[in-house]
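Some notes on the structure that comes next.
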Amino acid sequence: MATESITELASIIATSTAQVSAYLDQNGLPQPSFAVTGPSTSQIPPSEVEIESARLTAIDATQRLRNLLLGPHDFLTSITPSEWISFQAVARFGLASCVPIDGSASCATLAAACGLPESTTRRLLRHAVVKNVFCEAGPDGVAHNAVSRLLAEKPTLNAWLRFNTGDSWSAASQTVEALARWHGSEEPNETGFTLASGTGLGMYDTYAVQPERGERFANSMKNLTESPGFDAGHLVAGYDWASLKSAVVVDLGGSHGAVARRLVESFPTLSVVVQDLAEVIAQAPPSQTHISFMSHDFFTPQPVVADVYLFRWILHNWSDKYCAAADLIMLQLFNSKERDMEDWAALFETADSRFRFQGGRLPTGSRLSVLEAVWEG
Ligand SMILES: C[S@@+](CC[C@H](N)C(=O)[O-])C[C@H]1O[C@@H](n2cnc3c(N)ncnc32)[C@H](O)[C@@H]1O
């Protein structure tokens, strides 16, 4: 536990932010700003490891400084889940897309758009403004700032906020209850999500019977896959696919084939069979040269003989029991976890000792590692 004084933390913040600011100026990049024309993401490229580290140091020290200045009592009482209500309202009612990008909207207009009483809409919007979504415009309206503008322009980000403040938030609120009820369970239908949804089912099974919710989840995942750290390009560049020549790759849980398309674009001799649950494949685009779609539940025997079985962003959804930085989101939604390299080695060993785990590497700028296990059976 760090024991810096508040003045030491303030000095760390001053030094690191000066470093970030100078870098932006020297490279003609915009300074961070929530003004409507401000940048929507950090302008520091992943290759600038030192500057990115200064930015993260400033963020971390700022949080520690805030908590120290609050003190233990006020720190605890400052934890208020009701803070999420206005974020949830903005996402659920799509308020950002109801405000013109270059204009403003009155509370009455937005109340009519979301079907809520005007006074309630006003309260929600005031709270949203305090929390950095929208800015005030005139006596009774709002206009965009950089945050609300991004929500308006990026529907998948709105879907992500809706999932995070909806299904994920309600699952989180029931996770400790699920732990108490199903002590040590690794079942996907004994989670905070199961209790919150009231379906008695796990998350994917719930979405199978409630496709509208499943569609929202799929859209929110698109937002993650579109973000630079999760770009499929890291997988394309992070493995020697060329050496596989005309190999057949089965992409398990490959959804609508976004990763398969990126692979085949770069390595046109590969053939990829994209497999996913029947309801997901039903929404997939038609098969094309070198990419075919197939409904297959990966808990049933694999019907395709292939050279490579690709599990991208799949196994973290399942507990060790089902798969062969501890992450509470994985716990609340799936009773599963994120795994470190030793966990992966142990997982393959448990699954079958004929797997030779080759280890993994994290491509620069990627938030997903590329792991390889060779089947020697
Ligand atoms: C987190 S997404 C990853 C999608 C894709 N692999 C990627 O990297 O973007 C998990 C995928 O696994 C699929 N999935 C979940 N359970 C499955 C099962 N039992 N069999 C096949 N696919 C499954 C989901 O429908 C979803 O498309």
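The figures follow:
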| item | result |
| --- | --- |
| Whole-number percent relative contact order across the stretch 81-153, with pairs defined as alpha carbons under 8 Å at least 6 apart | 36 |
| Spatially proximal aspartates and glutamates relative to K245 (Cα-Cα < 18 Å; intrachain offsets below 8 disregarded) | E265, D307, E372 |
| Estimated distance in nm for a label pair at S42 and Q358, the labels positioned 7 Å out from Cα along Cα-to-Cβ | 3.1 |
| Listed residues P301, W182, T120: farthest to the positive end of the dipole of the chain (Cβ charges) | T120 |
| Cα-based shape type of the stretch 1-83, given that a ≥ b ≥ c are square roots of the gyration tensor eigenvalues and the cut on a/c is 1.5 | oblate |
| Considering only the chain, percent of DSSP beta bridges that pair antiparallel, nearest 5 | 45 |
| Gyration tensor verdict on the stretch 81-153 (Cα atoms; rounded if a/c is under 1.5, prolate if a/b is larger than b/c, oblate otherwise) | rounded |
| Rounded to whole Hz, the Karplus (6.51, -1.76, 1.60) HN-Hα couplings of the stretch 32-40, x for glycine and proline | x, 7, 8, 4, 4, 8, x, x, 8 |
| Mean Cα-pair separation over length for the stretch 6-124, i.e. relative contact order, pairs under 8 Å, 6 or more apart, % | 22 |
| Rounded, prolate or oblate (a/c below 1.5 giving rounded, otherwise prolate when a/b exceeds b/c) for the chain by Cα gyration tensor | prolate |
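Read-outs: derived from the displayed coordinates by stated rules, not from any lab. Note that the structure is predicted; figures quoted are calculated from it, not measured. All Cβ positions, glycine included, derive from the backbone under ideal geometry; neighbour counts span all protein chains shown.
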